[in-house]
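The values are calculated or read from the model by the stated rules, or taken from the named source; none is laboratory data. None of these values were measured; they are calculated from a predicted model. Virtual Cβ from ideal backbone geometry, glycine too; neighbours counted across all protein chains shown.
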Amino acid sequence: QVQLVESGGGLVQPGGSLRLSCAASTSFLSIDTMGWYRQAPGKQRELVATLAGGGITNYAASVKGRFTISSGVAKNTLYLQMNSLKHEDTAVYYCKAKKFGNNYWGQGTQVTVSS
């Protein structure tokens, strides 16, 4: 079992930045893949970025070059640095951990990009 708690969401103007955090109840060393997903109103949940063993990252085309996924030194916190935010980045952002084939989700944090 993996518990995940996201934080860092909020209201930001277009072009601004936010950093999301996801605190996990266990070290990432025991987790296969960590990732950030988002769900906008009326849309399906979509992948934003993933971080796998060895530091391999993967990004959605819509955020590549603007968002950066990383883990903390303690290896139990996942971050998503979001720069140059756009209106279309508005969504609830979820942290996900995959361990032994099981998926674990956090409760989500709202990001609203608006002027």
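Could you list, in sequence order, all residues of region 43-69 that are modelled with pLDDT under 95 and either small (Gly, Ala, Ser) or in contact with a strand residue (DSSP E or B) (Cβ under 7 Å, 6 or more places away or on another chain) (or both)?
If the condition is that a residue be modelled with pLDDT under 95 and either small (Gly, Ala, Ser) or in contact with a strand residue (DSSP E or B) (Cβ under 7 Å, 6 or more places away or on another chain) (or both), then Leu51, Ala52, Gly53, Gly54, Gly55 are the ones that fit.
Filter region 8-24 down to the residues that are among the aliphatic types (A, V, I, L, M) and modelled with pLDDT of 95 or more and list them by number.
Listed by number, the residues that qualify are Leu11, Val12, Leu18, Leu20.
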